[in-house]
Each structure stands twice: as C-alpha cells, then as structure tokens.
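Enquirer: Provided herewith is a single structure, encoded as structure tokens, for subsequent inquiry.
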Amino acid sequence: MTKMDFLERYGQEDEPYVCASCGNCTLVCPVFRELKWESYGPRGKLHIVKSIIEGEGEFGEDFAHKIFLCNLCEHCTSVCTTGISLDRFWEVARAEVRQRGLMPKPAQFVLDSLKARGDIMWMGSADRLLWMEDIEAIVKDRVMKSAKVAYFLGCNVSLKSQLHDVARSMVKIMEYAEVDYTILGDKEICCGAPLGWAGNFEGINEMAEKNLELIHSLGVETVVFSCPSCIQTWSEYSRYLKEENDLELLTTSQYINRLVREGRLKFDEQPMVTVTYHDSCISARVLKVTEEPREIIEDIPGVYNVEMTPSRQSTRCCGAHGLLDVVDPVLSSRIAEMRLRDATVTPASRIITECPRCILAFDLAKFTTGYDMKVQDITQIVAESLSPNDVGGDEAK
Ligand code: SF4
Ligand code: SF4
C-alpha cells in the first residue's frame, strides 16, 4: 500500500476508511448537484483518495482540480453519518495539491496577491481607505485609536466598491449607538482565510501575528466582523499560534442585536417590505449564528421575514466560498443561481444576509438569471431603518 504521507501528517489517514458510503454528503453537495458526476461529490472524492492510497489511482492534475471544485461550505461535514470533518479533509488535500505544484492558476494568483499586497485582489493598503471617502470627517479619528471595540471589515468589504456601503452602514450604526470603536484603516490586512482554503496553513501564522498585535496594541476587547470567514479564521488563530486568544469575536448581527437589546438602536416604521434571510454557510454551520439577524429584522417595524427552504444549518451555499468563485466562476455562478431561485419562490422582494461573498454572488446571479431582487447586508437594512437622532445621522451613510 502506498500511504499518502500528508494524510498522516494531519491525522486524516483513517477518513477514507471510516466513510460508510451512505451518500448523505453527496445528496447535499452543491457541486455534485450541478455536475452530477459521483467523482465530483464528496463521497466520490474520498473513494478516489482511497484508491490512490491503495496504489490504484493517481494524485495528478485532474484530481487536484477536482479537489478545488468545492465550496468548503461544510454541508457535507454537517450531515456525515460517521462524523468525518470533511471540510478539514479537503483543506489538507489542498495542502498536498500545493505541495505537488498542482495549484489551479487562479488560486495561485490569490496566494501571490496575499504575499505581495496583503489582500486577495492585488490592490494595496492605500485602497483600504477608499470606502471612507464620503464620510472621512466622521471616521478619520477612529482609525487606529485605542478603543474597546474594533470593526474589522475584511478584504471584500474594504476593497470592493459594491460592498463599501456595508462598511458605511456599520459606521452609521456605531455612531448612532455612540459606541467607542476603532477601525484599522490602511493597517488592516487579510485575515488569512484564503490561505487556509489554498492549503497554506503556515501562511496564516503571519497574518494572525500581525492582526493580533495590532488589535492588542489598541486595547481592544471585542472585534466585530462583516465577514463570517474572517471571524472563523480569527477564532482559529490560537490553533495556529498555539496560544490563547482571549478576544470576544462577534458577527455584525450579533453585535447589532446586542445594541438593540440594550436600547441603543431605535427603528422607524418602514414602508411595508417582505424580505427573506439567507444564512451564509459559515455563519450558520460554523458560527451557529442564525437567530440574531432574524431577531433584528423582527424588530424593524414594517419589515417581515419569510423563510427560504432550506435555511439555518441546512442552508444552501451561495457558490462563492472556498475559492470556487475564482477557480471556476461559471460553476460558482450556477450554484448562486440555484440559491437565488430558492429566494424567488418566496413572496420576498429582498434578500438579507450577512456575508459579503453571498452579496456579490447573488448580485451576479441576478444579472445571469434576470431575477429582480434587492440584495442587502443586515447592516444596510438596519442603517436605513434607524429613527433620526442627532448622532451620526444621515451624514454617516
Ligand atoms: S464542502 Fe460543500 S461543496 Fe465541498 S464537498 Fe462538501 S458539500 Fe460539496
Ligand atoms: S456522509 Fe460521511 S459516511 Fe456517508 S458517504 Fe459521505 S463521507 Fe461517507
């Protein structure tokens, strides 16, 4: 038998043999659902690994590519009858792909960009200030100031103009609630999540050290994130750094919900609108944040939430996670269209979510399908529903 060393290195060598071949994972896999070949689904890929271990298959370019045709959406992990952490298995397999020099070119570009620029889009630190342009007077004193609360935007919200309103909305909310907060501005760097998706685990150490050093230097106790993948990666920093990470890490919906319960946010009656809340894979299946955004929506007078099927922990992926959007944009977009269809069969006219990747994926799927639905982050619907007050006000938006 030719064992694959990398599986032993990461303690994953038993996984292909633990699999009971029940097929639960295949049934929920969005990639299998689109491509309809067993070898593209999770069970099929595990079987291929088994055949490679037993000397019957080859870890070549074809299999390397298949390993990257995956959203790392964790749906397979959540339904596996034998409790295999399939998401970890895929990341470990990607580490081997990298080791063997078989990385898909677009994924390699993301890694090169992170190394050269500290972000995923070959931009640069100065571009992380662009979202502030209209509200500079309000936020300039917040950059790198000592505070108990930090708002960490993440690469997508910082750098993609379609998402700048998410950051501006969060600023409006924090100004309204008179939160003493800080933002890192051009000092913010990627959380390192894409490194993990590309199997470069050691690279995350460097990101973790830089981010934690900055946050600790400002006396921060709570970090609020616009991106669920950032918070997932931060929560694993102690694993990479082998030290305790004592920060409170919250999604924007968790933090906003806290502000609402403390009576620090007040909403005005809105023109009646029906929305449907989309749970991002990482928020629902990893962070288990499903109720906070729904509670917030319920608190806004005039806004009604209807559920999509499936939802919460069984949610369907938007197609843009785990580097699939760069490795195979067409497949990624087809998966997004599938989820958009779930929304269009509800009476809702708007999708609310709290993941920047989902917003980008649905906006693209709207274009490819012609479905006309507004897509918003939870911060945007909250910011536009606030009662007028003297703090921040419309200027902050
Ligand atoms: S993580 Fe998601 S896309 Fe990848 S194999 Fe599992 S269910 Fe399929
Ligand atoms: S759900 Fe788990 S046990 Fe069943 S086929 Fe998939 S990996 Fe194997």
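This table checks each residue for (1) of a type outside the set (A, V, I, L, M); (2) within 19 Å of the chain's Cα centre (by Cα); (3) at pLDDT 95 or above.
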site	(1), (2), (3)
174	no, no, yes
198	no, yes, no
203	yes, yes, no
218	no, no, yes
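Enquirer: With surrounded by fewer than 17 Cβ atoms within 10 Å (Cβ to Cβ) and within 13 Å of ligand 1 (Cβ to nearest atom) as the only criterion, which of 21, 85, 51 stands out? Steps first, answer last, please.
Expert: Values: 21 fails: within 13 Å of ligand 1 (Cβ to nearest atom); 51 fails: within 13 Å of ligand 1 (Cβ to nearest atom).
Answer to the selection: 85.
Enquirer: Cβ contacts < 7 Å: first residue at negative phi, restricted to segment 78-102; second residue loosely packed, with under 15 Cβ neighbours inside 10 Å and small (Gly, Ala, Ser), any location; separation 6+ or different chain. Result?
Expert: Filtered contacts from segment 78-102: 81/20; 82/20.
Enquirer: Also: Could you tell me whether any residue of segment 236-246 is exposed (fewer than 15 other Cβ atoms within 10 Å of the Cβ), in a helix (DSSP H, G or I) and modelled with pLDDT of 95 or more?
Expert: no
Enquirer: Could you figure out which of (1) touching a Pro at 6+ places or on another chain (Cβ under 6 Å); (2) outside any helix (DSSP H, G or I) isn't true of residue 82?
Expert: With respect to (1) touching a Pro at 6+ places or on another chain (Cβ under 6 Å); (2) outside any helix (DSSP H, G or I), residue 82 is out only on (1).
Enquirer: Every residue in segment 300-350 that is of a type in the set (Lys, Arg) and not in a loop (DSSP other than H, G, I, E, B), please.
Expert: Keep residues of segment 300-350 that are of a type in the set (Lys, Arg), which gives 312, 316, 334, 339, 341, 350.
Correct list: 312, 334, 339, 341, 350.
Enquirer: Here is a follow-up. Name the single residue that is surrounded by the most Cβ atoms within 10 Å (Cβ to Cβ) among those in segment 29-43 being in a helix (DSSP H, G or I) and near ligand 2 (Cβ under 9 Å from one of its atoms). Before you say what the answer is, go through the steps one by one.
Expert: Within segment 29-43, the subset in a helix (DSSP H, G or I) is 30-35, 38-40, 42-43.
Then drop every residue that is not near ligand 2 (Cβ under 9 Å from one of its atoms), which leaves 42-43.
Numbers: 42: 29, 43: 23.
Across segment 29-43, the extreme among qualifying residues is 42.
Enquirer: Turning to a different aspect of this structure: From the list 323, 360, 340, exactly one residue is crowded, with 19+ Cβ neighbours inside 10 Å and within 14 Å of ligand 1 (Cβ to nearest atom). Which is it? Can you show your working first?
Expert: Values: 360 fails: within 14 Å of ligand 1 (Cβ to nearest atom); 340 fails: within 14 Å of ligand 1 (Cβ to nearest atom).
Only one candidate passes the filter, namely 323.
Enquirer: Sticking with this structure for a sec: Tell me, which residue of segment 104-124 that is outside any helix (DSSP H, G or I) and either hydrophobic (A, V, I, L, M, F, W, C) or crowded, with 17+ Cβ neighbours inside 10 Å (or both) is nearest to ligand 1 (Cβ to nearest atom)?
Expert: Start the filter on segment 104-124 by keeping residues that are outside any helix (DSSP H, G or I), which leaves 104, 118-124.
Among the residues that remain, those that are also either hydrophobic (A, V, I, L, M, F, W, C) or crowded, with 17+ Cβ neighbours inside 10 Å (or both) are: 104, 118-123.
On the way: 104: 15, 118: 27, 119: 25, 120: 20, 121: 23, 122: 26, 123: 28 Å.
Only one residue tops the list, namely 104.
Enquirer: Sticking with this structure for a sec: Could you check how many residues of segment 276-320 are of a type in the set (Ser, Thr, Tyr), within 16 Å of ligand 1 (Cβ to nearest atom) and touching a strand residue (DSSP E or B) at 6+ places or on another chain (Cβ under 9 Å)? Explain how you work it out, then say what you get.
Expert: Filtering segment 276-320 down to residues of a type in the set (Ser, Thr, Tyr) leaves 276-277, 280, 283, 290, 304, 309, 311, 314-315.
Still in the running and within 16 Å of ligand 1 (Cβ to nearest atom): 280, 283, 314-315.
Filter once more, keeping what is touching a strand residue (DSSP E or B) at 6+ places or on another chain (Cβ under 9 Å): 280, 283.
The qualifying residues number 2.
Enquirer: Would you confirm whether or not segment 191-210 contains a residue that is outside the structural domain of residue 353 (by TED's automatic domain parsing) and in a strand (DSSP E or B)?
Expert: In the first step, residues of segment 191-210 are kept if they are outside the structural domain of residue 353 (by TED's automatic domain parsing); the result is 191-210.
After this cut, where a residue has to be in a strand (DSSP E or B) as well, the list is none.
No, that holds for no residue.
Enquirer: Among residues belonging to segment 54-78 that are over 19 Å from residue 97 (Cβ atoms) and modelled with pLDDT under 95, point out the one that is surrounded by the most Cβ atoms within 10 Å (Cβ to Cβ).
Expert: Our first condition is that a residue be over 19 Å from residue 97 (Cβ atoms); within segment 54-78, this holds for 54-56, 74-75, 77-78.
Subsequent filtering for residues that are modelled with pLDDT under 95 retains 54-56.
Numbers: 54: 12, 55: 10, 56: 10.
Within segment 54-78, the match that is surrounded by the most Cβ atoms within 10 Å (Cβ to Cβ) is 54.
Enquirer: Exactly one of (1) surrounded by 19 or more Cβ atoms within 10 Å (Cβ to Cβ); (2) within 21 Å of the chain's Cα centre (by Cα); (3) not polar (S, T, N, Q) is unmet by residue 303. Its number?
Expert: Going through the list (1) surrounded by 19 or more Cβ atoms within 10 Å (Cβ to Cβ); (2) within 21 Å of the chain's Cα centre (by Cα); (3) not polar (S, T, N, Q), residue 303 breaks only (2).
Enquirer: So, of the residues in segment 272-288 that are hydrophobic (A, V, I, L, M, F, W, C) and part of a strand (DSSP E or B), which turns out to be surrounded by the most Cβ atoms within 10 Å (Cβ to Cβ)?
Expert: Going residue by residue through segment 272-288, those that are hydrophobic (A, V, I, L, M, F, W, C) are 272-273, 275, 281-282, 284, 286-287.
Now drop any that are not part of a strand (DSSP E or B), which leaves 273, 275.
Values: 273: 15, 275: 22.
Looking at the filtered set, the residue picked out is 275.
Enquirer: Of everything in segment 85-103, what is more than 12 Å from ligand 2 (Cβ to nearest atom) and part of a loop (DSSP other than H, G, I, E, B)? Give them in sequence order.
Expert: First, the residues of segment 85-103 that are more than 12 Å from ligand 2 (Cβ to nearest atom): 88, 91-103.
Matches in segment 85-103: 100, 101, 102, 103.
Enquirer: May I ask you to list pairs of residues, at least six apart or on different chains, whose Cβ atoms are under 6 Å apart, with the first in segment 16-42 being free of Cβ contacts under 8 Å to residues at least 60 places away in the same chain and farther than 23 Å from residue 281 by Cα and the second being more than 9 Å from ligand 1 (Cβ to nearest atom) and of a type in the set (Val, Ile, Thr)?
Expert: Cβ pairs passing all conditions: 16/49.
The values are calculated or read from the model by the stated rules, or taken from the named source; none is laboratory data. Since the structure is predicted, the reported quantities are computational estimates derived from the model, not experimental observations. Glycine gets a Cβ as well: all are built from the backbone with ideal geometry, and neighbour counts include every protein chain shown.
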